[in-house]
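**Student:** Pasting a structure below so you can have a look.
The values are calculated or read from the model by the stated rules, or taken from the named source; none is laboratory data. Computed from a predicted structure; not experimentally measured. No Cβ is skipped: glycine too gets one built from the backbone with ideal geometry, and neighbour counts run over all protein chains shown.
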Amino acid sequence: MPWTRDQMAARAARELQDGFYVNLGIGIPTLVANHVPAGMNVQLQSENGMLGLGPFPYAGEEDPDLINAGKQTITELPTSSYFSSADSFAMIRGGHIDLSILGALQVAENGDLANWMIPGKMVKGMGGAMDLVAGVKKVVVLMEHTAGGKPKLLKQCTLPLTGARVVDMVITELGVFRLARRGEPRVELLEMAPEVTLEEVKAKTEAEFTLANA
Amino acid sequence: MGKLYPDAKAALAGLLRDGMMILSGGFGLCGIPSLLIEAIRESGVRDLTIVSNNAGIDDAGLGLLLQTRQVRKMISSYVGENKTFAEQYLAGQLEIEFNPQGTLAERIRAGGAGIPAFYTKTGVGTAVAEGKPTAEFDGETYVQERGIVGDLAIIHAWKGDTEGNLVYRKTARNFNPVMATAARVTVAQVEHLVQPGEIDPDHIITPGVFVKRLVQCPPGYEKRIEQRTTRPRETA
């Protein structure tokens, strides 16, 4: 059985470590917040200027001055702090954030990432994605394995890049892959979802990969 | 003449002209200078270049200036919430320059600090770096980005004194403090106006030197929520 979106998020949460400062993207990555192990101290960063994101507010307690990067109302925690966009991206670009988990349209076997535009369609903008992948210590992509039946883990990205050689790990409903940001391009399949076969993964993946423990 | 003006129109008097570059604080609809945007709309000034992280939504924020076609070019990082924007862009009536959000913030910070250009890793190997100089530092490639200095900055603060010392509230701070530093004239709207000395000097985020003019938000000033998201109450 391939993993559900929630199981994918739970798998991504295993990349968290105590004391980590983490930025979660919009979509499946947001679900990772529900899987932080009890007792582990993880502070979530929101690029609009907040560390220590709390849960969504109760109805009637929404504050227009308190939103996340997806413009949703949120709450603060005792550990929270607020800062300007310039300070926020000093954290991101200066390598002070430990982990970024974000979605993707395409990932190439050398770690190139495309997740911000499809030529010919309305362009919305890259937001903070290019800064995150360029500056955060570890970049994990959480995405569906295919789109419209076509592989998303490719030999080369065909869409405009968000960053060149920036992806450390890809988690899909089928399994987990480790990539190399430096040296020879290398993709290793670390694990597969229960009852998923190697044949299925190979059939749905264009990138060349090896088995991590082979 | 002090810094305090009776209303937004008076605070912008003599500052607006066609073709100018205006920097606007805010993230989404959070911490946007709505009063000042509305006064710019009323003025009818045209051909504007607007530097702002987002473009508002169709009927709020900078979307108001798009509706009236007063904007020629946007310098932004994300404009996905605005349909008017998409229509005008696809019809070739509006120019857009996308900047990575951190590059945008740093270009403004640099402009305000008198730094004409800087190098960053963000965007290297992407379309963002095309046509820009690159350089190697310590074995890594970086791309050069230019500082931004605008003709006018419009910002929103939670509290300000008549000297222009400002304090922001929660995530409504966002781009406001950097925008305040990077224009020839900065006009701030404040929710709460106080006298000098009423804000602890240790708590001031934007010192008054960056703020030339000030206007107080009227009673009932509305701050809109773009994505109202809540969770159910736990049952006891």
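**Student:** What number goes with the only condition from (1) over 17 Å from B:THR230 (Cβ atoms); (2) modelled with pLDDT of 95 or more; (3) within 14 Å of chain B (Cβ to nearest Cβ) that A:ARG14 does not pass?
**Tutor:** (3)
**Student:** Moving on. Please determine, by comparing only the residues of segment A:47-62 that are more than 7 Å from chain B (Cβ to nearest Cβ) and touching a strand residue (DSSP E or B) at 6+ places or on another chain (Cβ under 7 Å), which one is surrounded by the most Cβ atoms within 10 Å (Cβ to Cβ). Steps first, please.
**Tutor:** Going through segment A:47-62, the residues more than 7 Å from chain B (Cβ to nearest Cβ) turn out to be A:51-54, A:60-61.
Within this subset, residues satisfying the condition of being touching a strand residue (DSSP E or B) at 6+ places or on another chain (Cβ under 7 Å) are A:51-54.
On the way: A:LEU51: 19, A:GLY52: 17, A:LEU53: 23, A:GLY54: 16.
Ranking the qualifying residues of segment A:47-62, first place goes to A:LEU53.
**Student:** Hey, another quick one. Could you please let me know if A:GLU188 is away from chain B (no Cβ under 13 Å) and either in contact with a strand residue (DSSP E or B) (Cβ under 8 Å, 6 or more places away or on another chain) or in contact (Cβ under 8 Å) with a residue 12 or more places away in the chain (or both)? Talk me through it step by step, then tell me what you get.
**Tutor:** Numbers: away from chain B (no Cβ under 13 Å): yes; either in contact with a strand residue (DSSP E or B) (Cβ under 8 Å, 6 or more places away or on another chain) or in contact (Cβ under 8 Å) with a residue 12 or more places away in the chain (or both): yes.
Yes: the conditions hold for A:GLU188.
**Student:** Right, something else. Pull up segment B:63-83, narrow it to residues that are out of contact with any strand residue (DSSP E or B) (no Cβ under 9 Å at 6 or more places or on another chain) and away from chain A (no Cβ under 11 Å), then point me to the one that is surrounded by the most Cβ atoms within 10 Å (Cβ to Cβ). Don't jump to the end; show me each part of the working.
**Tutor:** First, pick out the residues of segment B:63-83 that are out of contact with any strand residue (DSSP E or B) (no Cβ under 9 Å at 6 or more places or on another chain): B:64, B:67-69, B:80.
Those still in the list that are away from chain A (no Cβ under 11 Å) too: B:64, B:67-69.
Values: B:LEU64: 20, B:GLN67: 15, B:THR68: 12, B:ARG69: 13.
Looking at the filtered set, the residue picked out is B:LEU64.
**Student:** If you take the residues in segment A:110-130 that are in contact with a strand residue (DSSP E or B) (Cβ under 7 Å, 6 or more places away or on another chain) and of a type in the set (Gly, Ala, Ser), which one is modelled with the lowest pLDDT?
**Tutor:** Among those residues, the one meeting the criterion is A:GLY125.
**Student:** Give segment B:28-39 a look and list any residue that's crowded, with 20+ Cβ neighbours inside 10 Å and either within 14 Å of the chain's Cα centre (by Cα) or among the acidic types (Asp, Glu) (or both), or say none. I'd like the intermediate steps shown before the answer.
**Tutor:** Just the residues of segment B:28-39 that are crowded, with 20+ Cβ neighbours inside 10 Å, to begin with: B:28-37, B:39.
Answer for segment B:28-39, where residues must be crowded, with 20+ Cβ neighbours inside 10 Å and either within 14 Å of the chain's Cα centre (by Cα) or among the acidic types (Asp, Glu) (or both): B:GLY28, B:LEU29, B:CYS30, B:GLY31, B:ILE32, B:PRO33, B:SER34, B:LEU35, B:LEU36, B:ILE37.
**Student:** Are any of the residues in segment B:85-108 in contact with a Gly (Cβ under 7 Å, 6 or more places away or on another chain), more than 8 Å from chain A (Cβ to nearest Cβ) and part of a loop (DSSP other than H, G, I, E, B)?
**Tutor:** Within segment B:85-108, the subset in contact with a Gly (Cβ under 7 Å, 6 or more places away or on another chain) is B:98, B:100-103, B:107.
Those left that are additionally more than 8 Å from chain A (Cβ to nearest Cβ): B:107.
Then keep just the ones that are part of a loop (DSSP other than H, G, I, E, B); that gives none.
No; the residues of segment B:85-108 include none that is in contact with a Gly (Cβ under 7 Å, 6 or more places away or on another chain), more than 8 Å from chain A (Cβ to nearest Cβ) and part of a loop (DSSP other than H, G, I, E, B).
**Student:** Which residue is farthest from the other protein chains (Cβ to nearest Cβ), if the candidates are limited to segment A:119-178 and must be without any contact (Cβ under 8 Å) to a residue 12 or more places away in the chain and small (Gly, Ala, Ser)? Reasoning before the result, please.
**Tutor:** As a first pass, look at segment A:119-178 and keep what is without any contact (Cβ under 8 Å) to a residue 12 or more places away in the chain: A:120-125, A:148-150.
Cutting the leftovers down to small (Gly, Ala, Ser) gives us A:120, A:125, A:148-149.
Working: A:GLY120: 11, A:GLY125: 4, A:GLY148: 21, A:GLY149: 26 Å.
Here the residue is A:GLY149.
**Student:** Ok, one more. Any residue in segment B:111-130 that is crowded, with 18+ Cβ neighbours inside 10 Å, closer than 30 Å to B:CYS217 by Cβ, in contact (Cβ under 8 Å) with a residue 12 or more places away in the chain and touching a helix residue (DSSP H, G or I) at 6+ places or on another chain (Cβ under 7 Å)?
**Tutor:** Yes, because at least one residue in segment B:111-130 is crowded, with 18+ Cβ neighbours inside 10 Å, closer than 30 Å to B:CYS217 by Cβ, in contact (Cβ under 8 Å) with a residue 12 or more places away in the chain and touching a helix residue (DSSP H, G or I) at 6+ places or on another chain (Cβ under 7 Å).
**Student:** Is it true that some residue in segment B:18-28 is assigned to a helix (DSSP H, G or I), among the small types (Gly, Ala, Ser) and more than 14 Å from chain A (Cβ to nearest Cβ)?
**Tutor:** Step one: filter segment B:18-28 for residues assigned to a helix (DSSP H, G or I), giving none.
Within segment B:18-28 (the criterion being assigned to a helix (DSSP H, G or I), among the small types (Gly, Ala, Ser) and more than 14 Å from chain A (Cβ to nearest Cβ)), the answer is no, since none of the residues qualifies.
**Student:** Okay, moving on. Which is more than 7 Å from chain B (Cβ to nearest Cβ), within 17 Å of the chain's Cα centre (by Cα) and buried (at least 20 other Cβ atoms within 10 Å of the Cβ), of A:ASN34, A:ASN68?
**Tutor:** A:ASN68
**Student:** Quick one: how many residues across segment A:12-35 are of a type in the set (Val, Ile, Thr) and out of contact with any helix residue (DSSP H, G or I) (no Cβ under 6 Å at 6 or more places or on another chain)? Write out each step before concluding.
**Tutor:** At the first step, the residues of segment A:12-35 found to be of a type in the set (Val, Ile, Thr) are A:22, A:26, A:28, A:30, A:32.
Right, trim to out of contact with any helix residue (DSSP H, G or I) (no Cβ under 6 Å at 6 or more places or on another chain) and you get A:22, A:26, A:30.
Number of matching residues: 3.
**Student:** All but one of (1) out of contact with any helix residue (DSSP H, G or I) (no Cβ under 7 Å at 6 or more places or on another chain); (2) in contact (Cβ under 8 Å) with a residue 60 or more places away in the chain; (3) of a type in the set (A, V, I, L, M); (4) at the interface with chain A (Cβ under 9 Å from one of its Cβ atoms) hold for B:ALA60; state the number of the condition that does not hold.
**Tutor:** (4)
**Student:** Between residues in segment B:185-200 that are in contact (Cβ under 8 Å) with a residue 60 or more places away in the chain and residues that are outside any strand (DSSP E or B) and loosely packed, with under 15 Cβ neighbours inside 10 Å, which pairs lie under 6 Å by C-beta distance while being six or more apart or on different chains?
**Tutor:** From residues that are in contact (Cβ under 8 Å) with a residue 60 or more places away in the chain, there are no pairs.
**Student:** Residue by residue through segment A:137-147, note down the ones that are part of a loop (DSSP other than H, G, I, E, B) and closer than 26 Å to A:THR4 by Cβ. Talk me through it step by step, then tell me what you get.
**Tutor:** From segment A:137-147, those part of a loop (DSSP other than H, G, I, E, B) are A:137, A:143-145; that's our starting set.
The answer is A:MET143, A:GLU144, A:HIS145.
**Student:** Taking B:ALA157 and the conditions (1) part of a strand (DSSP E or B); (2) within 12 Å of chain A (Cβ to nearest Cβ); (3) surrounded by fewer than 22 Cβ atoms within 10 Å (Cβ to Cβ), which numbered condition does it fall short on, given that it satisfies the others?
**Tutor:** (3)
**Student:** Suppose the filter is touching a Leu at 6+ places or on another chain (Cβ under 6 Å) and at pLDDT 95 or above; does B:THR162 pass it? Steps first, answer last, please.
**Tutor:** Values: touching a Leu at 6+ places or on another chain (Cβ under 6 Å): yes; at pLDDT 95 or above: yes.
For B:THR162, the condition - touching a Leu at 6+ places or on another chain (Cβ under 6 Å) and at pLDDT 95 or above - is met.
**Student:** Where residues in segment A:83-111 are away from chain B (no Cβ under 12 Å) and part of a loop (DSSP other than H, G, I, E, B), which of them is surrounded by the fewest Cβ atoms within 10 Å (Cβ to Cβ)?
**Tutor:** Initial filter on segment A:83-111 (away from chain B (no Cβ under 12 Å)): A:96, A:98-107, A:109.
Add one more test, that the residue is part of a loop (DSSP other than H, G, I, E, B), and what stays is A:96, A:98, A:103-105, A:109.
Values: A:HIS96: 13, A:ASP98: 19, A:GLY103: 17, A:ALA104: 25, A:LEU105: 18, A:GLU109: 22.
Looking at residues that are away from chain B (no Cβ under 12 Å) and part of a loop (DSSP other than H, G, I, E, B), I get A:HIS96.
For (1) within 12 Å of another protein chain (Cβ to nearest Cβ); (2) closer than 17 Å to B:ASN54 by Cβ; (3) aliphatic (A, V, I, L, M), each residue gets a yes or a no:
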| residue | (1), (2), (3) |
| --- | --- |
| B:GLY164 | no, no, no |
| B:ALA172 | yes, yes, yes |
| B:THR181 | yes, no, no |
| B:VAL187 | no, no, yes |
| B:GLU191 | yes, no, no |
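**Student:** Among the residues of segment B:29-55, count how many are in a strand (DSSP E or B) and at the interface with another protein chain (Cβ under 10 Å from one of its Cβ atoms). Break it down into steps so the answer makes sense when it comes.
**Tutor:** Taking segment B:29-55 first, the residues in a strand (DSSP E or B) are B:30, B:48-51.
Narrowing further to those that are at the interface with another protein chain (Cβ under 10 Å from one of its Cβ atoms): B:30.
Residues flagged as in a strand (DSSP E or B) and at the interface with another protein chain (Cβ under 10 Å from one of its Cβ atoms) within segment B:29-55 amount to 1.
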